[in-house]
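*Asks:* I have a structure I would like to understand better, so I am pasting it below and will then ask my questions one at a time.
The values are calculated or read from the model by the stated rules, or taken from the named source; none is laboratory data. Only a predicted model underlies this, so the values are computations on that prediction, with no experimental measurement involved. As a convention, Cβ positions derive from the backbone with ideal geometry for all residues, glycine included, and neighbour counts pool all protein chains shown. Surface accessibility is based on the protein's heavy atoms, side chains included, excluding ligands, DNA and RNA. Shrake-Rupley method; radii C 1.70, N 1.55, O 1.52, S 1.80 Å.
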Amino acid sequence: MKDVERTFRAQLKIAKDAAFKPVIYPGYQAPVVLGSDENRRIEDRFWGFMYNLRGKRDPSKLLEKLAQNAVSETIHEKKTFKGAWEKNQRCVIVAENFFEPSPAHGGWALFRDSKSPLLAIAGIYDKTTFKGIERSAFTMLTCAPNPFMADIHDRMPVILNLNDVDEWLSVDTSPEEARRLMKPYSGNLVAASA
């Protein structure tokens, strides 16, 4: 966790004995970086925003769904994400790698940057209610794939270049300015079977 604190210049605001999680899943807690400048911190947050969807068989019933990703191109339009986006509630999900379904790699493939030990995945945060409990939550942003990922999946996480993290997290960066950072990753992704 010290590497994460140092890389992102953030204060740890979770249990001192908490370990960096090598794998995180939607619907569970995960560490994220939020805040700008002297306010920057690492907090454990719930992965996913809850939203209601009308049932297919019975449209009068609402079904609770978990949104683990937000499409970056439409984030400003979607009710589930629009509030957090307009309030500049941006965060960074810290990861060493990410997974995507890939039949060519035996079902799932793990992707990492061959030249950087940490990835800064763009996210937004807000409050959400899951199973009747209000939680501090986040969701990751996705974008069109870069050329490396295009044969594997039609989307990929928005991975920020580490030198763009300050701008992404800054409260002075408007949503319009932040949009230009939501682009396919230009780093050195490599794949391995998961």
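*Asks:* Determine which residues of region 68-90 fall in the zone a paramagnetic label at residue 39 would reach in this model, i.e. backbone nitrogen under 14 Å from the point 7 Å along Cα→Cβ.
*Replies:* 87-90
*Asks:* From the phi of every residue in region 92-98, what ³J(HN,Hα) in whole Hz does the Karplus formula 6.51 cos²θ - 1.76 cosθ + 1.60 yield, where θ is phi - 60° and glycine or proline is x?
*Replies:* Taking θ as phi minus 60°, the curve returns 10, 8, 8, 8, 8, 6, 9 Hz for region 92-98.
*Asks:* If I model a spin label as a point 7 Å beyond the Cα along the Cα-Cβ vector, how far apart are those points for residue 153 and residue 79 in nm?
*Replies:* Label-label distance for residue 153 and residue 79, simple model: 2.7 nm.
*Asks:* For region 81-188, what's the radius of gyration and Dmax over Cα atoms, in angstrom?
*Replies:* 14.9, 44
*Asks:* What are the ³J(HN,Hα) couplings of region 33-48, residue after residue, when phi is run through the Karplus curve with 6.51, -1.76, 1.60 and θ = phi - 60°? Round to Hz, x for glycine and proline.
*Replies:* 9, 9, x, 10, 6, 6, 8, 5, 8, 10, 10, 7, 9, 6, 8, x
*Asks:* Take the alpha carbon gyration tensor of the chain, find the square roots of its eigenvalues, order them as a ≥ b ≥ c, and report rounded if a/c is under 1.5; if not, report prolate when a/b exceeds b/c, else oblate. Numbers along the way, then the final one.
*Replies:* Working: a/c = 1.39, a/b = 1.11, b/c = 1.25.
Here the chain falls in the rounded category.
*Asks:* Where a ≥ b ≥ c are the square roots of the eigenvalues of the C-alpha gyration tensor, would you call region 90-153 rounded, which needs a/c under 1.5, or, failing that, prolate if a/b is larger than b/c, or oblate? Intermediate values should be presented prior to the final figure.
*Replies:* On the way: a/c = 2.39, a/b = 1.77, b/c = 1.35.
In terms of gyration-tensor shape, prolate.
*Asks:* Next question, about the same structure. Which of 75, 121, 24 moves the most in a Gaussian network model of the chain with Cα springs under 10 Å?
*Replies:* Maximum fluctuation in the GNM of the chain, among the listed residues, is at 24.
*Asks:* Toward the positive end of the charge dipole of the chain, about the Cα centre and with charges on Cβ (Lys, Arg +1; Asp, Glu -1), which of 85, 59, 191 goes farthest?
*Replies:* In the chain, that residue is 59.
*Asks:* In region 46-121, what trypsin sites (Lys or Arg not before Pro) fall in a loop by DSSP, with at most 12 other Cβ atoms inside 10 Å? Provide the component values of the computation, followed by the final result.
*Replies:* Values: sites: 54, 56, 57, 61, 65, 78, 79, 82, 87, 90, 112, 115; in loops: 56, 57, 61, 78, 87, 115.
Passing sites in region 46-121 are 56, 57, 61, 115.
*Asks:* With a probe of 1.4 Å, find how much accessible area the chain has per residue, and write the answer as a whole number in Å².
*Replies:* Numbers: 10590 Å² over 194 residues.
Spelled out: the 1.4 Å probe surface of the chain, per residue, equals 55 Å².
*Asks:* Turning to a different aspect of this structure: Under a 10 Å cutoff between Cα atoms, tell me which one of 70, 104, 120 has the largest fluctuation in the Gaussian network model of the chain.
*Replies:* Among 70, 104, 120, the largest mean-square fluctuation in the Gaussian network model of the chain belongs to 104.
*Asks:* If you don't mind, there's one more thing I want to ask. Could you check what % of the DSSP bridge pairs in the chain are antiparallel, to the nearest 5?
*Replies:* Details: 43 of 50 bridges.
Of the beta bridges lying entirely in the chain, close to 85 percent run antiparallel.
*Asks:* Relative contact order for the chain: what percent, with Cα pairs under 8 Å and sequence separation of 6 or more? Could you put the intermediate results ahead of the total?
*Replies:* Details: 388 pairs, mean separation 40.1, N = 194.
Normalised by residue count, the contact order of the chain is 21 percent.
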